[in-house]
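Everything on this sheet refers to the single structure shown next.
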Amino acid sequence: PNVGKSSLLNKLLGEERAIVSAIPGTTRDATDTYLTWEGKPVLLIDTAGIRRRGRVERGIEKYSVLRAMKAISRADVAILLLDAQDLVTAQDAHVAGYIQEEMRSIIVLVNKWDLITKDTYTMDAYTKQIRADLKFLDYVPVLFISALTGQRVHKVLPLAFQVYEERMVRIPTAELNRLVEDATIRHSPPHKGGKRLKFYYATQASVDPPTFVFFVNDTRLVHFSYERYLENQIRRRYGYLGTPLNLVFRSRGGD
């Protein structure tokens with residue numbers, strides 16, 4: 001609440017479309033706004049602010065939270081808006097985790113940057129702190145803005161479209177299998193009880209979100225660390241900026 005979501009919406013639109021108030025919780029429902037950006041249609045969803053657990057009152061505010069969470073599932077790209085004066089709160093991390101669970105693409109915007117006393121190293125220091133607090137979102141871009149002054153707001157929609165386009169990237173099957181082969185040569189797959197994980201075939205099953213299926217000899221041999229290694233290899237070559245990847249492992253001949 002009061003992080004500047006409605007102010008950002010108004011700045012993006014160039015008009016006072018959303019109610020802006022210093023009172024937290026002014027936006028009670030998710031508000032849909034349509035615009036055209038460089039000839040492309042865009043739907044912006046201004047969600048209600050989500051208070052910390054224990055501070056959510058019964059009735060209208062409870063349903064505001066439910067509608068905000070539902071809005072995340074409707075989005076292609078979710079913008080997690082932080083207050084530069086607070087950075088990542090526990091509730092921010094909770095919402096970020098929910099966005100990731102929904103497999104939505106994510107951009108982290110740090111608002112009210114105009115209120116921070118800065119030097120040459122301030123932005124790097126803030127970025128490192130955000131990365132540390134949101135370790136599970138290391139693939140997400142971070143942009144520092146001021147919805148009040150308009151600082152860098154012009155970069156928000158281009159970045160959102162870049163992230164969306166990378167969400168739709170499809171890797172040809174031959175290229176993906178070469179990548180897996182190179183990855184296993186550089187770093188041998190794990191083994192357990194004398195049995196080593198073997199990769200037979202890989203394919204990208206879908207985009208939005210990008211989903212990759214790996215056929216292996218035994219899925220029980222797939223360790224989380226090796227799964228993360230494969231994800232990093234895919235990102236290193238193909239990007240997928242701001243987009244979670246869904247890696248699925250299947251035993252050959254199994255379901």
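The table that follows gives values for the structure above.
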read-out: Unmet criterion (only one of (1) within 19 Å of residue 157 (Cα to Cα); (2) open to solvent by 50 Å² or more (accessible area, probe 1.4 Å); (3) out of contact with any strand residue (DSSP E or B) (no Cβ under 6 Å at 6 or more places or on another chain)) for residue 67; value: (1)
read-out: Selection status of residue 206, modelled with pLDDT of 95 or more, surrounded by fewer than 16 Cβ atoms within 10 Å (Cβ to Cβ), within 20 Å of the chain's Cα centre (by Cα) and among the polar types (S, T, N, Q); value: yes
read-out: Strands (runs of 3 or more DSSP E) fully within the range 118-236 counting 1 or more residues that are more than 30 Å from residue 11 (Cβ to Cβ); value: 199-206, 211-216
read-out: Positions within the range 143-171 being over 15 Å from the mean Cα position of the chain (by Cα) and free of Cβ contacts under 8 Å to residues at least 60 places away in the same chain, in sequence order; value: 146, 149, 151, 152, 154, 155, 158, 170
read-out: Residue match in the range 239-250 (condition: more than 22 Å from residue 108 (Cα to Cα) and of a type in the set (S, T, N, Q)); value: no
read-out: Close pairs (6 angstrom Cβ cut-off, 6 or more residues apart or separate chains): touching a residue at least 12 places away in the same chain (Cβ under 8 Å) in the range 86-108, of a type in the set (Ser, Thr, Tyr) and open to solvent by 20 Å² or more (accessible area, probe 1.4 Å) anywhere; value: 102/73
read-out: Single residue of the range 3-19 satisfying the filter (in a loop (DSSP other than H, G, I, E, B) and surrounded by fewer than 15 Cβ atoms within 10 Å (Cβ to Cβ)) that is modelled with the lowest pLDDT; value: 19
read-out: Given (1) surrounded by 12 or more Cβ atoms within 10 Å (Cβ to Cβ); (2) under 30 Å from residue 248 (Cβ atoms), number of the condition residue 123 does not satisfy; value: (2)
read-out: Flag if residue 140 is open to solvent by less than 60 Å² (accessible area, probe 1.4 Å) and either without any contact (Cβ under 8 Å) to a residue 12 or more places away in the chain or under 30 Å from residue 6 (Cα atoms) (or both); value: yes
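Residues are listed down the side, and each one gets a yes or a no for (1) touching a Lys or Arg at 6+ places or on another chain (Cβ under 6 Å); (2) surrounded by 14 or more Cβ atoms within 10 Å (Cβ to Cβ); (3) modelled with pLDDT under 95; (4) farther than 24 Å from residue 79 by Cα:
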site: 176; (1), (2), (3), (4): no, yes, no, yes
site: 180; (1), (2), (3), (4): no, yes, no, yes
site: 184; (1), (2), (3), (4): no, yes, no, yes
site: 202; (1), (2), (3), (4): no, yes, no, yes
site: 210; (1), (2), (3), (4): no, yes, no, no
site: 218; (1), (2), (3), (4): no, yes, yes, yes
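The values are calculated or read from the model by the stated rules, or taken from the named source; none is laboratory data. Worth saying up front: this structure is predicted, and the values here are computed from it rather than measured. For neighbour counting, all protein chains shown are included, and Cβ atoms are generated from backbone atoms with ideal geometry for every residue, glycine included. Surface accessibility is based on the protein's heavy atoms, side chains included, excluding ligands, DNA and RNA. Shrake-Rupley method; radii C 1.70, N 1.55, O 1.52, S 1.80 Å.
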